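A short write-up of the structure that comes next.
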Amino acid sequence: MVRFVDVHHLARWVADTGLESIISDLVDALEADFRRWPAFDKAPRLASHSGDGVIELMPTSDGGTYAFKFVNGHPVNTSRGLQTVTAFGVLADVATGYPRLLSEMTLLTALRTAATSVMAARALAPPGAGTMALIGTGAQAEFQALAFHRCLGIDTIRAWDTDPAALDKFVTNAAQLGLDVVRATGADDAIAGAHIITTCTADKRNATVLTDDMVRRATDGGVHINALGGDCPGKTELDIELVKRSSLFVEYAEQSFIEGEIQHLPRSWPVTELWQVLTGDRPGRTSPDEITVFDSVGFAVEDFTALSYLDAALDREGGDRYFERIELVAEPADPKNLFQLVEDEMTVDVAGA
Ligand code: NAD
């Protein structure tokens, strides 16, 4: 039997356990997995593009456990009353090939993305950062804001979204969460005096959410840019001049050169994979005046970590409060008699007729 965590189960687990505590644990779990980066199978995700968006499969394995996520990215969806990003994922045992966990991953992705952002910022942001600009206040926004507040001590969020309703929603939710929020009047206003800038906008084009001039004017020295909305070919957020003069950090360069802000740069451009900073192999921020960019696109190892963390929590907490068991995999008593399962149903049908 496979454990199945649906959206209500996942939301209940988050509410019972505490969102901030899960994110904080996830940061540590991600760091541990990023430090053993060479142990993972890695490949750019398999993307199926259409005019409206993309559907992607994200697999990885550490030799003992295999994971994959199905995720979509459709910025047009919110105009249809649907979400931009939805996902589900599977964890399986490599030894048998049998899946053991099937989980919703729309919420889990928001949690792991926030935790990944914090992991990067912990290594790259200017010391003492207290103010974060948050540009794009859709589905990911509250998770990002809470994660930075809890794990990095960010006490002020300067928020901006081109959609006033999304901005209203965020300001209301963030105030209820006890965050100090400034409702900015534009991207340039949002980034004024910020030490960290998170861009999480959704637009299926090469947008320029931040221009190089804007960043020069608004910041008085170093800044860390946590750019997570540019995650598809032809879908980026940053002015290329800003990208070029920044120190660039990515998850997995081979995938990021296809999907990230660096898709506009030649493959020879110097970028650092985040795991190298976490293991101490490569430097992170080297000066207070530096602009660091975490060009986040989301990588399979992060989903592996999130699913493994959830699986371990379900082991600990036991009971069926957070999952049900489903027969996802056929398990005939005689493994060579798969037909028996159909025959059993035929017998039931005949008996019931
Ligand atoms: P969403 O559609 O719920 O929210 C995006 C928000 O951006 C919307 O409110 C929209 O009005 C706003 N926006 C669009 N253009 C803007 C602009 N120029 N300036 C200011 N605001 C603007 O999407 P979401 O689920 O919050 O995801 C945000 C982005 O992050 C998406 O592009 C998604 O693909 C990406 N994402 C990345 C990762 C990762 O691991 N890197 C994970 C999840 C989502």
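The values are calculated or read from the model by the stated rules, or taken from the named source; none is laboratory data. For clarity, every value in this text was computed on a predicted model and none was experimentally measured. All Cβ positions, glycine included, derive from the backbone under ideal geometry; neighbour counts span all protein chains shown. Accessible surface areas use protein heavy atoms only, side chains included; no ligands, DNA or RNA. Shrake-Rupley method; radii C 1.70, N 1.55, O 1.52, S 1.80 Å.
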(request) Would you point out the residue of region 315-326, among those that are surrounded by 10 or more Cβ atoms within 10 Å (Cβ to Cβ) and not in a helix (DSSP H, G or I), that is modelled with the lowest pLDDT? (result) 320
(request) Exactly one condition in (1) among the charged types (D, E, K, R); (2) open to solvent by less than 60 Å² (accessible area, probe 1.4 Å); (3) at pLDDT below 95 is not met by residue 20; state its number. (result) (2)
(message) Residues that are within 9 Å of the ligand (Cβ to nearest atom): list the strands (runs of 3 or more DSSP E) wholly contained in region 76-173 that include at least 1 such residues.
(response) 87-93, 131-135, 156-160
(message) Can you confirm whether residue 284 is modelled with pLDDT under 95 and open to solvent by less than 30 Å² (accessible area, probe 1.4 Å)?
(response) no
(request) Determine if region 301-314 includes at least one residue that is assigned to a loop (DSSP other than H, G, I, E, B) and open to solvent by less than 30 Å² (accessible area, probe 1.4 Å). (result) no
(message) Residue pairs, Cβ under 7 Å, 6 or more apart or interchain, first in region 85-102 and under 14 Å from residue 328 (Cα atoms) and open to solvent by less than 30 Å² (accessible area, probe 1.4 Å), second in a strand (DSSP E or B) and small (Gly, Ala, Ser). List them.
(response) 89/67; 89/103; 90/67; 91/67
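Restricting to region 30-49, what's the tally of residues that are open to solvent by less than 60 Å² (accessible area, probe 1.4 Å) and more than 12 Å from residue 304 (Cβ to Cβ)? If you could, list the steps in order and put the result at the bottom.
First, the residues of region 30-49 that are open to solvent by less than 60 Å² (accessible area, probe 1.4 Å): 30-34, 37, 39-40, 43-45, 47.
Then keep just the ones that are more than 12 Å from residue 304 (Cβ to Cβ); that gives 31, 43-45, 47.
Matching residues across region 30-49 total 5.
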(request) Give me a count of the residues in region 192-226 that are under 15 Å from residue 292 (Cβ atoms), within 12 Å of the ligand (Cβ to nearest atom) and of a type in the set (Ser, Thr, Tyr). (result) 2
(message) With the structure loaded, tell me whether residue 189 is within 9 Å of the ligand (Cβ to nearest atom), open to solvent by 30 Å² or more (accessible area, probe 1.4 Å) and of a type outside the set (Gly, Ala, Ser) or whether it fails that test.
(response) no
(request) Search region 329-346 for residues that are under 21 Å from residue 2 (Cα atoms) and pair each with any residue that is surrounded by 11 or more Cβ atoms within 10 Å (Cβ to Cβ) and of a type in the set (Phe, Trp, Tyr) when their beta-carbon atoms are under 8 Å apart and the residues are at least 6 apart or on different chains. (result) 329/98
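Which of the residues that make up region 51-73 are open to solvent by less than 30 Å² (accessible area, probe 1.4 Å) and within 14 Å of the ligand (Cβ to nearest atom)?
53, 54, 56, 58, 69, 71, 72, 73, listed by residue number.
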